[in-house]
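A quick write-up on the structure given underneath.
All of the numbers you see were taken from the coordinates with simple rules; none came from a lab. Only a predicted model underlies this, so the values are computations on that prediction, with no experimental measurement involved. Note that we place each Cβ from the backbone using ideal geometry, even for glycine, and neighbour counts take in every protein chain shown.
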Ligand code: FAD
């Protein structure tokens, strides 16, 4: 049996909100372990839109998804959070003494006084298009997100889909790639009208090839894509493609979160707006995973929720201890914790 890891707080989910929770909890001397299914911190920002600019993070007029994650990682460094990546939390149970036992699919066991669920939409997986044999190309030629635009430089790229992700990436990658083909099964797009307009301008100037139809087959060897079979109303044809990016949306699966005995509201976890506590005392839910009247799924809402949750978490971990509200600008004790004194 693996060694039990004992801590003040286990945070399930290392998205932007889970990361900022480390900061708020750290100011109150609460030690955190973070667990995430993904192979790196950052949640949706790092996985779905690392290079896209965000414009509504306070005091950052523009910051990319990955840069925001990098800044958060820098900000929480003084608190030395422990990351357990590539692991899914599978079990969450209350123990006789009121604390919690958390288990991962890698067999790790945590004992903690407080659990913070910052699991976003749960475990998210891209929807795979129904193309026979596509699995053999995934991770080498077929990708469901763009982590680095450079990986697509001078490639024959085919983007499939008609939503915002498909159009945004068609516009962003077009200057970098050798050829760009956009495939959509309808002439109507769900993406922002401005993106659709820009895309058709590029089609007119020869920068993008637009094909109406559906991908029905892939050609290549050893995971290396060479071409694609496209079926349209005119019949079937072969098109060159060395990289394919299908954007068919994501399935946000609540996964094991649904089995933890918490009350749910349309697959989200209802919380109060004073402490962001769930129906189980000591289990908090912050960020996109929670629900309360007026909830907005914005990063800044999650940051606020993390600050208020911390006050309640501190009372559970150190009952009876007086909580002194302090500003980081003027408190020498907080500045010592941050290593700036
Ligand atoms: P997430 O970022 O979803 O992170 C949750 C993490 O929990 C994930 O890493 C997941 O792997 C992990 N997890 C889930 N279940 C488990 C489990 N059982 N075990 C282990 N790990 C688990 N918001 C803005 O404020 N401004 C914007 O401009 C903006 N633009 C966006 C653009 C796009 C394309 C998208 C998709 C979203 C955008 N958002 C924006 C929304 C923003 O990204 C989310 O509000 C934010 O990511 C929520 O953060 P979170 O930490 O709550 O969850």
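Taking each DSSP H run with n ≥ 4 as -39500 (n - 2.57) and averaging over every residue of the chain yields -6500 deg cm²/dmol at 222 nm.
For the chain, what does the alpha-carbon gyration tensor say about shape, rounded, prolate or oblate, given a ≥ b ≥ c as the root eigenvalues, a/c under 1.5 as rounded, and a/b over b/c as prolate? The shape class here is prolate. For residue 127 and residue 304, FRET efficiency with R0 = 30 Å and r from the beta-carbon atoms, rounded to 0.05? For residue 304 and residue 127, the calculated efficiency is 0.40. Residue separation of residue 86 and residue 318 scaled by 0.36 nm, minus their Cα-Cα distance, works out to 80.4 nm of gained length.
Take each peptide in 129-135, 108-114, count the other Cβ atoms within 10 Å of every residue, and average; sorted highest first, the result is 108-114, 129-135. Of all DSSP beta bridges confined to the chain, the antiparallel ones make up roughly 45%. Computed over the alpha-carbon pairs of segment 128-248, the distance histogram in 10 Å steps reads 14, 50, 32, 3 percent, short to long.
In segment 113-197, one over the average inverse separation of all distinct C-alpha pairs is 14.9 Å, which is the Kirkwood hydrodynamic radius.
A simple spin-label model places the labels of residue 209 and residue 190 2.6 nm from each other, with each point 7 Å out along Cα-to-Cβ. Where both bridge residues fall in segment 128-248, DSSP classifies roughly 45% of the beta bridges as antiparallel.
For the pair segment 275-324 / segment 1-19, the C-alpha centres are spaced 16 Å from each other. Under the simplified labelling scheme, the residue 51-residue 5 pair shows an inter-label distance of 3.2 nm, with each label point 7 Å from Cα along Cα→Cβ. Stretching residue 29 away from residue 279 to a fully extended chain increases their span by 87.5 nm, per 0.36 nm per residue minus the current alpha-carbon distance. With everything on Cα atoms, drop me the angle between helix 299-317 and the longest principal axis of the chain, reported from 0 to 90° to the nearest 10. That works out to roughly 30 degrees. Computed on the Cα trace of segment 239-323, the radius of gyration divided by the Kirkwood hydrodynamic radius gives Rg/Rh = 1.18. Shown is the FRET efficiency for residue 153 and residue 296, computed with R0 = 25 Å from the Cβ-Cβ distance and rounded to the nearest 0.05: 0.10.
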